[in-house]
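Colleague: Please see the structure below; I have some questions.
The values are calculated or read from the model by the stated rules, or taken from the named source; none is laboratory data. As the structure is a prediction and not an experimental result, all values here were calculated from the model. Every residue, glycine among them, receives a Cβ derived from its backbone with ideal geometry; neighbour counts consider all protein chains shown. When the accessible area is computed, the model is the full protein with side chains, heavy atoms only, and any ligands, DNA or RNA have been set aside. Shrake-Rupley method; radii C 1.70, N 1.55, O 1.52, S 1.80 Å.
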Amino acid sequence: MTGFAFGTLVPQTFLDLLVRRKLLTPQEAARVAEGSARAGSSVERTVLELGLAAEEPLFRALAEHLDLPFAEPGHLDEEVLVRTGLPADFLSRVEAVPARETEEVLWVATADPRGADAVQSIGFHLGRPVQAAIAAPSTIKAALAAIAKPAAAAGVAGTSETDIERLRALANDGPVIKLVNDLVAQAAEARASDIHIEAEAHGARIRLRIDGSLRTEGAIAEAQRAAVVSRLKVMANLNISEKRRPQDGRAAVAVRGRTVDIRLSTLPTQHGESVVLRLLDRAALRLDWEALGFPSARAAEVERILRMPNGLFLVAGPTGSGKTTTLYTALSRIDAETRKIVTVEDPIEYELKGVNQVQVEPAIDLTFARALRAILRQDPDVVMVGEIRDEETAEIAVRAALVDRLIDLGVPRYLLAATLRGVLSQRLVRRLCTACAGQGCAACVGSGRKGRIVVSELLRATPEVAASIHGTAGSSPLSASAAEAGFVPMAMAGRDLAARGLVHPADVEEALGAIDAFDLRQ
């Protein structure tokens, strides 16, 4: 068996060729170079992702650049492909297929010019001399689809089981395991809260949510996408053969000596399954008011409410506003040795020492309401309900995002007025990088932002506020009673953070939405 070598792939030289072939303008080539370097993806994949050139002429130019033949669409010999008997999942993973053969050599078409080892392994497996040709990804997929149709039409018994075993084999492939673990490790190192693996027409895009904003970090080749998704499903004990319905699960990954918990969600899209991983880094969790960014005065007010012998304390905010961390911080301030603390959550994000935490399980009818009723029979001193989802839970817990919302859910005004002790509403705003004062540097990867800070407002349930909630005759409107009690709106708190140089006014407005009452840039 004779060997071969691909020509050297020089990104800038290839981009120059694309400009000469008028597939890209010089400005587009510069954009591709920057995007490819930033995301760590190949030039040709970046061009496709940006939609700057058609696939066939792009890969024809790639073949010219590498001094290799180009496999025309529709010119692959399906009989050769079938006769070799190579597993379709392997060929799909390496993006290479046997294309044509002569007495001297087997031609292997590949869409990955960096896959010399894959082409060589095909030759080694078949005991044949091989030569490489470049083909467009759609040509490879069409060839594989053509050989898959007869098997599907034959209705061979056990096909579904074979598919499941194939997916499981993909998921347990050593390089795939390393790829997934490395992805989680890199995301944790970058302080990402979420990893987005988004299915596209060719492969998948990887984006990380860092400090609340998404950032493209790379891509997964089409040949690897199924393997990566299957690996993630195996880790989270999900059904690897189910691709038509959303699934949710949990997993844990060891990253540099510490455990990172993962909440995983899949979603079928037009190009395949997209996956989002929420990273819950136990080592990075700091249950500290100062670390969260709460002013000392606000922290003292909250702890004063926590010391009250009874009543309700509400923490409100949209998804991603840091409510769970605030609630956990509040619970950590309560002595779990002398008081029984029970939570009902979906999901349990972190384990709290000395706290009895209950996971909601809708599949067995363990809802928030049912769990809460059971908890109240456990002689608790403190109960934390992670979320309000229905009227029944509201009536039992008398807890939700906004005071008016509680009343809308059917909680009697007199009951709410008698039990409410305070409402904390919060958002997270990106901090200006302290190393560069928001100008952009290596520490913040040029974004000018690093970390996030809480901006909040606290409504204390004074007698006047309680009377307004109750609707007592002659009582002031809730807004007027709140103002008299010293209530400071979140917008003013955000403006104060901006004035102190901790955040940018535009980031405050982005986090809080359109605000008419205050000009954040004053």
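Colleague: Taking all protein chains in place and a 1.4 Å probe, what share, in percent, of the accessible surface of region 216-297 do carbon and sulfur account for?
Modeller: On the way: 1850 of 4030 Å².
In region 216-297, the share of accessible area belonging to carbon and sulfur is 46 percent.
Colleague: As a test of reading the structure, rank M384, M492, M235 by solvent-accessible area (1.4 Å probe, protein chains only), most first.
Modeller: So the residues, ranked largest to smallest area, are M492, M235, M384.
Colleague: Relative to the present Cα-Cα distance, how much length would full extension add between A442 and E64 at 0.36 nm per residue of separation?
Modeller: Numbers: separation 378, 0.36 × 378 = 136.08 nm, distance 3.78 nm.
Full extension of this stretch gives 132.3 nm more.
Colleague: If I model region 212-281 as equal point scatterers sitting on the Cα atoms and use the Debye formula, what is log10 I(q)/I(0) at q = 0.17, 0.23 Å⁻¹?
Modeller: Log10 I(q)/I(0), no solvent term: -0.69, -1.15.
Colleague: Just subtract the alpha-carbon distance of R286 and L214 from 0.36 nm times their residue separation and send over the number in nm, one decimal.
Modeller: 23.6 nm
Colleague: Go through D335, D248 and list them by solvent-accessible area, largest first, probe radius 1.4 Å. If you can, show how the numbers build up before the last one.
Modeller: Values: D335 75, D248 115 Å².
Reading off the accessible areas and sorting them downward yields D248, D335.
Colleague: Still on this structure, please answer the following. In the full protein assembly as shown, how much of K450 is accessible to a 1.4 Å probe, in Å² to the nearest 10?
Modeller: K450 exposes around 90 Å² with every protein chain in place.
Colleague: If you take the beta carbon distance between D335 and T462 as r and set R0 to 41 Å, what does 1/(1 + (r/R0)^6) give as a FRET efficiency, to the nearest 0.05? Before the final figure, lay out each step's value.
Modeller: Values: r = 27 Å, r/R0 = 0.66.
Plugging the Cβ-Cβ distance into 1/(1 + (r/R0)^6) gives 0.95.
Colleague: If each of K243 and D182 carries a label point 7 Å out from its Cα toward its Cβ, how far apart are those two points in nm?
Modeller: 2.5 nm
Colleague: Please give the per residue accessible area of region 251-340, computed with a probe of 1.4 Å over protein heavy atoms only, in Å². Can you show the working numbers first?
Modeller: Numbers: 4480 Å² over 90 residues.
I get 50 Å² per residue for region 251-340.
Colleague: Could you compute how much accessible surface R460 exposes when probed at 1.4 Å, giving the result in Å² to the nearest 10?
Modeller: Rounded to the nearest 10, that gives 90 Å².
Colleague: How far apart, in nm, are two points set 7 Å out from the Cα along the Cα-to-Cβ line at D381 and at R304?
Modeller: Reported label-point gap for D381 and R304 is 2.2 nm.
Colleague: Going by Cα centres, region 16-33 and region 105-138 are how many Å apart?
Modeller: Using only Cα atoms to place each centre, the spacing works out to 28 Å.
Colleague: Can you tell me which lysines have their Cα less than 23 Å from the Cα of K233? Leave out same-chain residues fewer than eight positions away.
Modeller: K178, K243
Colleague: Excluding ligands, DNA and RNA, what is the solvent-accessible area per residue of region 417-473 at a probe of 1.4 Å, expressed in Å²? Walk me through the intermediate numbers first.
Modeller: Details: 2420 Å² over 57 residues.
Ligands and nucleic acids excluded, the figure is 42 Å² per residue.
Colleague: Go through H202, H125, H75 and list them by solvent-accessible area, largest first, probe radius 1.4 Å. Spell out each step's value before the answer.
Modeller: On the way: H202 55, H125 130, H75 100 Å².
If we order H202, H125, H75 from most to least accessible, we get H125, H75, H202.
Colleague: Diagonalise the Cα gyration tensor of region 65-122 and give the resulting equivalent ellipsoid semi-axes, square root of 5 times each eigenvalue, largest first, whole Å.
Modeller: Values: eigenvalues 53, 44, 25 Å².
Taking √(5λ) for each Cα gyration eigenvalue gives 16, 15, 11 Å.
Colleague: How much accessible area does D112 have with a 1.4 Å probe, in Å² rounded to the nearest 10?
Modeller: 50 Å²
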